[in-house]
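The values are calculated or read from the model by the stated rules, or taken from the named source; none is laboratory data. Values in this document were obtained by computation on a predicted structure and should not be read as measured data. For neighbour counting, all protein chains shown are included, and Cβ atoms are generated from backbone atoms with ideal geometry for every residue, glycine included. Please note that ligands, DNA and RNA were not included when accessible areas were found on the heavy atoms of the full protein model with its side chains. Shrake-Rupley method; radii C 1.70, N 1.55, O 1.52, S 1.80 Å.
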Amino acid sequence: AVIPQFSDLDRWLLSSLEALVRDVTAAYESYDVIGATRPIEAFVDNLSNWYLRRSRRRFWKSESDADKAAAYETLYRALVTVSKLLAPSMPFMAETLYQNLARSFDDQAPISVHLADWPKADLSQIDEALNRQMAVVMKLASLGHAARNKSNVKVRQPLSEVAFAVGSADEMDVIDQFQEILEDELNVKKVRALGGSEEAVEYSLNPLPKQLGQKYKALSPKVRQAILDLPAKDSAERLLAGLNLVIKVDDKYYEILPEEVEVHAAAKEGYSVATEGPYLAALVTTISKELFYEGLAREFVRRVQDQRKSIGLDIADRIKIYYQATAALSEAVKHNEAYIAAETLALAVLDETLPHGLVQANDAFDGEELHFALQSVRGVSE
């Protein structure tokens, strides 16, 4: 048997799972129904929208190695435990999950989830630091996607880099430690910390007349001007971090609260920026020829994968791809042939006339046109 080799992602999910068992158990013991059910919903959301998405390749790869074994064991443990935690509140769903997962696999398992022992939290597996770090990674990924959406650059188009600003110095390590996850999630070639957010963003302050007028009355015009005279970048970063500003008017000092000033962040040329409090993602939106070709190649792969499904090929079938395309797309396929072959299990990617007898497909995207056909190589000499 292959010994599982757990990744940071696996350790995070297992840590979150044990914290979930601890919290749900404590909630039930104090008759707190909301506290016993809401955390399960949040855990399942993270499981499906983060863990499974980030682990897809590990589940699908053909070789059964230590990494694949870890992904399956982590997911299995999480789902069986969740079925038990759900048993009091969703008895029928919990039973269905349990029968499919535990009883179909283990003859010695109790015959019903409602006869199984309640999970006991293994506190030694809870890594609060890792849980906090992954929460920051998910926040940064979400901001990166928001910046992409603003720029109208589709997710399949690779970009050169994204730079992040974080809430505190210790969160800087998260950017380095989880660099590969962020690069893959956001489809960028490089992830780094932002070297002073002014390189990508210009801040401006807008003192709110209503709030200042109510508080300072006749003095409010002078207060407003004093706020505008402050350095915009430093003041904006303080306000976004929830800190007050100090101004001087007529030889007296006043504290200005974050809710009394609106902060506007405008992206500089070549960047798309998304912010949330002190967190910021700055995406470089300039697309080089190589990146453009790689984006076309990813679109090509998507069409091939869709065609594999539609003509009923097995997920493990090897194929030959015959295609004819407009100039830029043809060039992009040639530049990224190894990537395309690996993603589609193609033994050959051939720019030539499509053979008779194959199902042919036509498509158009990004101003390019594609005409192609797939041939299964089961029983076909290479």
Separation of region 283-344 and region 107-137 by C-alpha centroid, Å? 41
For residue 194, list long-range residues whose amide hydrogen, built 1.01 Å from N in the peptide plane, is under 5 Å from its own amide hydrogen. 164, 165
Once Lys and Arg are counted +1 and Asp and Glu -1 for all other residues with Cβ under 12 Å from that of residue 132, the total becomes -4
Along the positive direction of the dipole of the chain (beta-carbon charges: Lys, Arg +1; Asp, Glu -1; about the Cα centre), which of 94, 349, 266 reaches farthest? 266
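Let me know the volume per residue of the alpha-carbon convex hull for region 30-166, in Å³.
189
Starting from the Cα gyration tensor of the chain, take the square roots of the eigenvalues, sort them a ≥ b ≥ c, and report rounded, prolate or oblate (rounded when a/c is under 1.5, otherwise prolate if a/b is larger than b/c, else oblate). Provide the component values of the computation, followed by the final result.
On the way: a/c = 2.85, a/b = 1.26, b/c = 2.27.
Here the chain falls in the oblate category.
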Yeah, region 56-129 with a ≥ b ≥ c from its alpha-carbon gyration tensor (a/c under 1.5 is rounded, else prolate when a/b outruns b/c, oblate otherwise) is oblate
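Counting only protein heavy atoms and using a 1.4 Å probe, what share of the accessible area of region 1-149 belongs to carbon plus sulfur, as a whole percent? Could the numbers behind the result be given before it?
On the way: 4660 of 8160 Å².
Carbon plus sulfur share of accessible area: 57 percent.
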Sites matching GluC sites (Glu not before Pro) across region 288-379 that sit in DSSP coil, with at most 12 neighbouring C-beta atoms within 10 Å: 352
Sparsely packed trypsin sites (Lys or Arg not before Pro) within region 237-303, loop by DSSP, other Cβ within 10 Å at most 14: 268
Mean Kyte hydropathy of -0.5 or more with a Cα span along the axis of at least 18 Å, helices from DSSP in the chain: 8-29, 33-46, 66-86, 128-151
I'd like to check one number: the per residue accessible area of the chain, probe 1.4 Å, reported in Å² as a whole number. 53
What is the sum of charges, Lys and Arg at +1 and Asp and Glu at -1, for the other residues whose Cβ falls under 13 Å from the Cβ of residue 66? -2
With +1 assigned to the C-beta of every Lys and Arg and -1 to the C-beta of every Asp and Glu, and no other charges, what is the dipole magnitude of the chain about the Cα centre in debye, to the nearest 20? 700
Of all chymotrypsin sites (Phe, Trp or Tyr not before Pro) in region 87-158, which ones are in loop regions per DSSP and have a Cβ with at most 12 other Cβ atoms within 10 Å? 105
